[in-house]
1. Being touching a Pro at 6+ places or on another chain (Cβ under 8 Å) and either of a type outside the set (Asp, Glu) or surrounded by 24 or more Cβ atoms within 10 Å (Cβ to Cβ) (or both) narrows it down to one of Gly237, Gly283, Gly278, Gly273, so name that one.
2. Residues Arg312, Arg328: which one is surrounded by fewer than 24 Cβ atoms within 10 Å (Cβ to Cβ), charged (D, E, K, R) and either more than 30 Å from Val126 (Cβ to Cβ) or in contact with a Pro (Cβ under 8 Å, 6 or more places away or on another chain) (or both)?
3. Which condition from (1) closer than 29 Å to Ser196 by Cβ; (2) modelled with pLDDT of 90 or more; (3) not in a strand (DSSP E or B) is the one that Pro61 breaks?
4. Test each condition in (1) assigned to a strand (DSSP E or B); (2) open to solvent by less than 40 Å² (accessible area, probe 1.4 Å) for Arg243 and report the one that comes out false.
5. Do we have Val58 as closer than 17 Å to Glu121 by Cα, in contact (Cβ under 8 Å) with a residue 12 or more places away in the chain and touching a helix residue (DSSP H, G or I) at 6+ places or on another chain (Cβ under 8 Å) here?
6. Considering segment 211-228 alone, what residues qualify as being under 18 Å from Val245 (Cα atoms) and under 19 Å from the mean Cα position of the chain (by Cα)?
7. For Val116, work out the one condition from (1) among the aliphatic types (A, V, I, L, M); (2) modelled with pLDDT of 95 or more; (3) farther than 14 Å from Gly278 by Cα it doesn't fulfil.
8. Any residue in segment 84-93 that is acidic (Asp, Glu) and surrounded by 19 or more Cβ atoms within 10 Å (Cβ to Cβ)?
Amino acid sequence: MSTPVRVLVVDDSPTMRGLITAALRRDPEIEVIGSAADPLEARALIKELNPDVITLDVEMPNMNGLEFLEKIMRLRPMPVVMVSTLTQAGAEITLEALEMGAVDAVGKPGAGVTAVEAFAELTLKVKTAARSRVRARGPVETARPRADYRAAPDHILAIGASTGGVEALLTILSAFPADCPATVVTQHMPATFTASFAARLDKASAASVSEAVDGAPMTPGHIYIAPGGLTHLEVSGATPRCRLVQGDPVSGHKPSVDVLFRSVARLRRPMTGVILTGMGRDGAQGLLEMRNAGARTLGQDESSSVVYGMPRVAFEVGAVERQLPLPRLSSAILDLCAAPRDAQSAA
């Protein structure tokens, strides 16, 4: 048997510490080695116990979770899974934590939600975090798009991501110009998080970013984020539009990257598919269908992925045409989706 993942639980609520500990101890591959009621206690236990992963609350006495996370990522980078309230305020703070370097997040039990339901994915996320690449965060340099950039009007760009995708998508989409390719994105994320995430991306990008709604037209300058947890996002129609469709989880997820990519593969028009950091294999087969249908395809490389799972599987099955580090992806994507030079010159 492999060595268990050693976890330190940090939360100011004794009840919540107990619930998280009980959820984690159900998995024999996880060992809870301690718990702390605030960051000051947690700091001492980190030095003493050297955990593999920390679960971290946001609101705590003496120092809030974001301040503590910033110190962790600057002084002693290690895998952190945030445990957040599933409210708009909680989602915005959690997204900030993910931008700062937290690997993943789970929601706390709320009205009508039991601890078993709330923490159903906690053990998997903790084990994934233990295998992630966590680095001290610094400024990420991305190539600036050409000042005269114009996207091809009929080109569709589809992007899929999971663990580590918040940072990756911010890096890529913040470099997109106002006239970016018509873009759809599936990022594995709880239902209450995607609207806040789309709003953060909208502020960071010159393009218009919003949560996808059924019937939204695919036009240059618009980026649509799949709503979390409730439906799958597809693109269909002779004049392509977003479609939110019901259905069971696919490849373990709803929304599923495979569902998005397969729908784009059926479109008779130029298309590009991009698969980013994430655990598992969601998106690999869909991206292969896109490539077989004539799409250009890119994958995030191992060195820059927080979790090199989804892009690895996609590369191994032949779905990825080129692998690139995160800082080079935005310019490579824009080049593949650009209008012909003569059309740009005439504009």
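The values are calculated or read from the model by the stated rules, or taken from the named source; none is laboratory data. Being a predicted model, the structure only gives us computed values, none of them experimental. Note that we place each Cβ from the backbone using ideal geometry, even for glycine, and neighbour counts take in every protein chain shown. Surface accessibility is based on the protein's heavy atoms, side chains included, excluding ligands, DNA and RNA. Shrake-Rupley method; radii C 1.70, N 1.55, O 1.52, S 1.80 Å.
1. On the way: Gly237 fails: touching a Pro at 6+ places or on another chain (Cβ under 8 Å); Gly283 fails: touching a Pro at 6+ places or on another chain (Cβ under 8 Å); Gly273 fails: touching a Pro at 6+ places or on another chain (Cβ under 8 Å).
Going through Gly237, Gly283, Gly278, Gly273 in turn, the sole match is Gly278.
2. Numbers: Arg312 fails: either more than 30 Å from Val126 (Cβ to Cβ) or in contact with a Pro (Cβ under 8 Å, 6 or more places away or on another chain) (or both).
Just one listed residue meets the conditions, Arg328.
3. (2)
4. Unmet for Arg243, out of (1) assigned to a strand (DSSP E or B); (2) open to solvent by less than 40 Å² (accessible area, probe 1.4 Å): (2).
5. Values: closer than 17 Å to Glu121 by Cα: no; in contact (Cβ under 8 Å) with a residue 12 or more places away in the chain: yes; touching a helix residue (DSSP H, G or I) at 6+ places or on another chain (Cβ under 8 Å): yes.
No, not satisfied.
6. Glu211, Ala212, Tyr224, Ile225, Ala226, Pro227, Gly228
7. It is condition (2) that Val116 fails.
8. Step one: list which residues in segment 84-93 are acidic (Asp, Glu), which gives 92.
Those still in the list that are surrounded by 19 or more Cβ atoms within 10 Å (Cβ to Cβ) too: none.
No, segment 84-93 contains no residue that is acidic (Asp, Glu) and surrounded by 19 or more Cβ atoms within 10 Å (Cβ to Cβ).
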